[in-house]
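The values are calculated or read from the model by the stated rules, or taken from the named source; none is laboratory data. Remember, predicted model here, so these are calculated numbers, not experimental data. Reconstructed Cβ throughout: ideal geometry from the backbone, glycine too, with neighbour counts over all protein chains shown. Heads up: the accessible areas ignore ligands, DNA and RNA and are worked out on the full protein's heavy atoms, side chains in. Shrake-Rupley method; radii C 1.70, N 1.55, O 1.52, S 1.80 Å.
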Amino acid sequence: MKKIILTGDRPTGNLHLGHYVGSLQNRVELQRIYNQYVMVADVQALTDYYGTPQKVVDNILEIVADYIAVGIDPELTTIFIQSQIPALSELTVYYMNLVTVSRVERNPTVKAEIAQKEFGESIPVGFFCYPISQAADITAFKAEVVPVGEDQLPMIEQSNEIVRKFNRLYNTNCLKEAKAYLSPVGRLVGIDGRAKASKSLNNAIFLNDSSEIIKQKVYSMFTDPDHIKASDPGKIEGNVVFAYLDAFYEEKDELAALKEKYKKGGLGDMVLKSLLNDVLQKKLRPIREKRESLSKKDLLEICFNGSQKAKSVAQQTLDEVKEAMGIRFF
Ligand code: TRP
């Protein structure tokens, strides 16, 4: 029996190279070793975008297209849409009894988001409860491993607390604790040199960017502001072109030699940018082409099949949960 692994993404925009390096590449590997579930977390996205649901809806198939284009294989990975799995909402309701308001307030990720969103006294309950809903996601599939970024560690900890409390209170072992799996590759910097490539900062290269846009973005990358003439010695650290070459250029010896030359002086930014452009064009062309070959019908079918399967797995867990609580009457 393969171990179960589950991850999810909020459908709030197309995926970019930061996602590729941080999670997508990993999923393509992990689907061979694990029984993998990938969830499009539209319910969770609505906790932010409840006022403009169309924004979430429009991104669901976009994200699924990104998944398929990079090589997540629906034969190996169950891709499903959170809102189509009613058992997740039901589990959330039962788990809410096991978590106090002050415990959620202490969740560092929630705490940071409350400050950042400037809710003041007006925190929507739906937003506040999303860690509990995420515990439902994780436990419904009995996920043993949850690959996430560092900011999600408190969510897994909170989920495991719910599992222990549920199993203890209702004298069962139907829920399983999960382990976080941090991506072996760190996050990718933005093209402007900021710490993180992100949609909201508008500093990312998207998987569906045209070849012209990719080129423009590469040529606009932040390098070393003191490296003015090619003959000047240059800095590698904080230099975005090198960060991207580190992530995507497979000729590691060649890259080491380029770094030496750049540090000494004698290597121009344009030469490097042209190399990186070639590397990224080569990487992204097949992804873009695969993406373009997918019809809306294909994508809907993938989501439908995955959601049917996910629905029955989650329902099974819900049945066990209700059984343990003594409320499975029929
Ligand atoms: N909170 C995650 C994010 O913002 C998305 C998510 C929802 C998730 N449910 C999950 C991730 C369950 C892992 C497991 O990226």
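A few notes on this one:
- Net charge dipole size for the stretch 265-321 [Lys, Arg +1 and Asp, Glu -1 on Cβ; Debye, nearest 20]: 260 debye
- LEU182 sits among other residues whose Cβ lies under 12 Å from its own Cβ, and their net charge, with Lys and Arg +1 and Asp and Glu -1, is 0.
- Other residues whose C-beta falls under 11 angstrom from the C-beta of THR47 contribute a net charge of -1, scoring Lys and Arg +1 and Asp and Glu -1.
- Residue-count net charge about ARG285 - beta-carbon cut-off 13 Å; Lys, Arg +1, Asp, Glu -1: +1
- Per residue, the solvent-accessible area of the stretch 45-159 (1.4 Å probe, heavy atoms of protein chains only, all protein chains present) comes to 43 Å².
- Accessible surface of the chain [probe 1.4 Å, protein heavy atoms]: carbon and sulfur percent: 52 percent
- Relative intensity, log₁₀ I(q)/I(0), of the stretch 16-124 from a Debye sum that treats every alpha carbon as a point, q = 0.12, 0.13, 0.16 Å⁻¹: -0.59, -0.69, -0.99
- Check: the chain dipole with +1 on Lys, Arg Cβ and -1 on Asp, Glu Cβ, in debye: 360 debye
- Put simply, when 50-57, 230-237, 283-290 are sorted by average Cβ atoms within 10 angstrom per residue, most first, you get 283-290, 230-237, 50-57.
- Extended-chain gain in nm, criterion 0.36 nm per residue less alpha-carbon gap, GLN316 and ASP253: 17.5 nm
- Scanning the chain for DSSP H helices at least 27 Å long along the axis (C-alpha atoms) with a Kyte-Doolittle mean no lower than -1.0 picks out 269-292, 296-325.
- Relative packing of peptides 322-329, 88-95, 191-198 - highest average C-beta neighbours within 10 Å first: 88-95, 191-198, 322-329
- Rounded D (µm²/s) - the chain, Kirkwood Rh over Cα pairs, Stokes-Einstein at 20 °C, 1.002 mPa s: 99 µm²/s
- Karplus-derived HN-Hα couplings along the stretch 185-198 (A = 6.51, B = -1.76, C = 1.60, θ = phi - 60°), whole Hz, x at Gly and Pro: 9, x, 6, 9, 6, x, 5, 8, x, 6, 4, 9, 6, 8
- Segment ASP151..LEU76, full-extension length gain: 24.3 nm, with 0.36 nm per residue of separation and the alpha-carbon distance subtracted.
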